[in-house]
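Each remark here refers to the structure printed beneath this line.
The values are calculated or read from the model by the stated rules, or taken from the named source; none is laboratory data. From a predicted model like this one, the values you see are computed outputs, not experimental measurements. We place every Cβ from the backbone using ideal geometry, glycine too, and count neighbours over all the protein chains shown. Just so you know, the surface numbers come from the protein's heavy atoms only, side chains and all, with ligands and any DNA or RNA stripped out. Shrake-Rupley method; radii C 1.70, N 1.55, O 1.52, S 1.80 Å.
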Amino acid sequence: ATTYYVSLLSGDDGRSLSEAGHISTPWRSIGRVNAAMGGFVAGDSVLFKRGEAFTGTLVVTVSGSPGSPVVFGAYGEGGLPELTGFTTLSGWQAKGGGIWEAAVPGGLSYMNTVTVNGAAMACGRYPNATAAGQGYLYYDSYNGNTSISDNKLASLTNFAGGQLVMRKTRWVIDRNEILSQSGTTINYSSQSGYGGAKGYGYFIQNHPATLDTEGEWYYQGGRLGIFTNNSPGDNYQVRAGVTETLVRLSNQGNISFEGLRLSGATVSAFEISYSQHIRISGCEVVFSGKNAINATGTDGLTVENTTIAHTGNNAISVNGGNNTILRGNQVRGTAVYAGMGDGGDGTYEGVTISGNNNLVANNTIDSTGYIGLNFSGDNVTVKNNVVSNFGLAKDDGGGIYTWNNGTGAATNSGRVVTGNIVLNGIGAPGGTDNPAKAYAHGIYIDDNAGQVEISSNTVANCASYGVYIHNAHDIVIKQNTLYNNATQLYMEHDNVAADRPVYNCTVTSNVLFAKLATQLAAEYKTKDNDIGNFGSFDGNYYYRPQDNDLTIGVLQQVNGVYSYQTMGVGTWKALYGKDANAIKPSHSVPAYTITKVTGVNQFSNGTFDSNIGGLYAYAAAGNCVTSWDSGALDGGALKVSFSSTTGSSSYGSVIMGVGAVTAGKCYRLKFSMLGGNSYKAATTYLRQGTGSYSDLSERKASTISGTRIEKEFLFTATANEGNAAIVFDVPEQPSPVYFDNIRLEQVEATATNADNYISFLYNPTT
């Protein structure tokens, strides 16, 4: 085995193979290494001088042997040697309006890697990402997958030659080349098979007319244009990635890359196909235009202790790779700019890996445009990774995600997701048909996926669900801590995969901690009447300290009618026979603090001492009866009963006039309630007393119990109303429900900062 040396500063490509085997007589370039490749043997090392940069593509056409790989690494002192596709642009010409242009060598048809003074820059876009509509326009109509029309285009520049970036679904952003523009219609060549969609949006990029922000750029006709208030030059260095691939190997084996820095690939830094036992260790891979490491059909690929940053599309993409180890890597800043990643599915992802017998462990994956870590295959372990800040460019994905195509029988086995920390699923609703609703889930097991153990993970601060089981089955969910997600655990069977129900799941000993009163501990939903088939539940900890009453939501279809009910832990146990040993803590955190009472009781007969004047009842079935009762609560009380029962979701409304309310003011409602153990809940809210009967506040609910309860709610009026009412919606039930001590008064209140009561701690180190 021989060690060969390469130095840009002291090297000479005229030297022989034997001369380059001495540190004092190195080669100079990657091209000379490629030319000598046929002379290397197992155990040889090719070392690049630290602190120096080398251009070109390293094409590996040699193999090592087991235990004796061919090594490409570093020698000397200083920073990692750099294999780079960057070139510094010069010869800038002013084009006016702050735009400068320079020729880019190489005749590239594609550009996705541009830095200014070492910082990655995004392609220019219109509207800007910070503009109204979250940076998206919405088209009026579309024609399949070939054109869109928008009346707003009539007043804009002709964008022919640029790119039309279309949000086609929540999880697809296509980057389409604009073929032509005629008036209000743009004709394009689609990047994927997805077509336009009603209510979805677009923006324009890679066109001179889109540039108005420092560092934005476009690339057309072999020239790069950049917007700057400076003059490009020594103090404003613009670099463009002009080398498609920095390292390429196909059908090789036992190759190791150690201590190298790869930067500025136009497409991929590493392109590895059908190779065995390839190892990338202690490297840095930065500013890759598409995928930093792109591997297909590999066996025994290892990527460890490597930093991958500022990638345009996927940081690590392993397609059909078996016996892969991804361990101890730092992956950050992946596909954070909408429009800079690839179109279609499987894009904008930190790590995506398919194949069998794979390990993904102890990686840190931070700031990702879509999914942090996407896996599939058999005997896959995803362990002790920290995944944070994902769903930045598109959404309806997860921090950790798997899917099984939605069709066919799932036959996977041996899949374990354990000990991971998943934080801050942000979501990117701009350009969708519901731009106010972000979807980002912590651990997401999607259509038809099965045989996954989800254990001992911590998932927090996600815009939607902590753990999401969607049309999936045979899942073990145990000992996870799910905190401050919109819903902590969400299990659902819907029509996306109508014939793939949720079944045979085991859900035990999970902490489902809803930090805020607006969140739920769990939701269990099905398009059928099959909650009972979801699986076994036991020992789960349902906790919402600001309001620990109705913490579970259940939706199912019975006799063709959908019914959604929020319920407490006791109701969940009683109605569905689940979670016999579920825990409902009694500790509470106040949702607000009353600083001053500024008004009188606006329902003066709230004690019902002698009558129930001042109210009336209504039910669509005409069966709600109100009467005065002398002994159920304190003296007199309001009794609400039903002369008949007509349906499980039917209810009666008791309306109590309370006079005027003022928009933005707070009103505290206090009342006593007693009923039977019906496992139902009464809903309370402010409403107009006449006119359109519109709601004047959010709706709040409390479980009806055979034990007397004292409730207090705080409402904020949404509009001025001179004739408002408090409404109690009471569901039909055989036993009467009693109300007493009703008091509504205007107050000044301060919302509680839950962080003053709750500490969320986690340990992201090994």
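For residue 670, the lysines whose Cα falls under 22 Å of its own Cα, not counting residues fewer than eight places away in the same chain, are 596, 639, 680, 700, 711. Computed over the chain, relative contact order equals 7 percent, with contacts defined as Cα pairs under 8 Å that lie 6+ residues apart. Put a dot 7 Å past the Cα of residue 220, heading toward its Cβ, do the same for residue 140, and the two dots end up 2.5 nm apart. Report summary: the helix-based calculation at 222 nm, which adds -39500 (n - 2.57) for every DSSP H run with n ≥ 4 and divides by the residues of the chain, gives -500 deg cm²/dmol. Taking Cα centre as origin and charging only the Cβ of basic (Lys, Arg, +1) and acidic (Asp, Glu, -1) residues, the dipole magnitude of the chain rounds to 380 debye.
For segment 648-742, what is the accessible area per residue in Å², given a 1.4 Å probe and the full set of protein chains? Before the final figure, lay out the partial values.
Details: 3560 Å² over 95 residues.
With all protein chains present, segment 648-742 gives 38 Å² per residue.
For a straight C-alpha distance cut-off of 26 angstrom, the lysines reachable from residue 290 (same-chain residues fewer than eight places away being disregarded) are 168, 394.
Mind giving me the FRET efficiency for residue 24 and residue 59? R0 is 22 Å, r the Cβ-Cβ distance, nearest 0.05 is fine. Could you put the intermediate results ahead of the total?
On the way: r = 27 Å, r/R0 = 1.22.
After rounding, the FRET efficiency stands at 0.25.
Hey, of (i) 198; (ii) 248; (iii) 189, which did the structure itself give for volume of the Cα convex hull per residue in Å³ when calculated? Correct label is (iii). Can you tell me what share of the DSSP beta bridges in the chain is antiparallel? A percent to the nearest 5 is fine. Of all bridge pairs located within the chain, approximately 45 percent are antiparallel.
All other residues whose Cβ lies under 15 angstrom from that of residue 616 are scored, Lys and Arg at +1 and Asp and Glu at -1, for a net of +1. Taking 27 Å as the straight-line reach from the Cα of residue 478, the lysines in range (excluding those fewer than 8 positions away in the same chain) are 383, 515, 525, 527, 573, 578, 584. Name the residue farthest towards the positive end of the dipole of the chain from the options 314, 165, 715, assuming +1 on Cβ of Lys and Arg, -1 on Cβ of Asp and Glu, about the Cα centre. Farthest towards the positive end: 715.
Just to be sure I follow the definition: excluding the sites themselves, where is the longest run in the chain that has none of the GluC sites (Glu not before Pro) in a DSSP loop with at most 14 other Cβ atoms within 10 Å? That gives 215-697 as the longest site-free run.
Protein heavy-atom surface of segment 26-177, 1.4 angstrom probe: 52% of the accessible area is carbon and sulfur, with nucleic acids and ligands not counted. Stretched out straight at 0.36 nm per residue, the stretch from residue 129 to residue 634 would grow longer than its current Cα-Cα span by 175.8 nm.
To the nearest 0.05, what FRET efficiency results for residue 156 and residue 189 with a Förster distance of 25 Å applied to their C-beta separation? Before the final figure, lay out the partial values.
Values: r = 20 Å, r/R0 = 0.81.
The calculated FRET efficiency here is 0.75.
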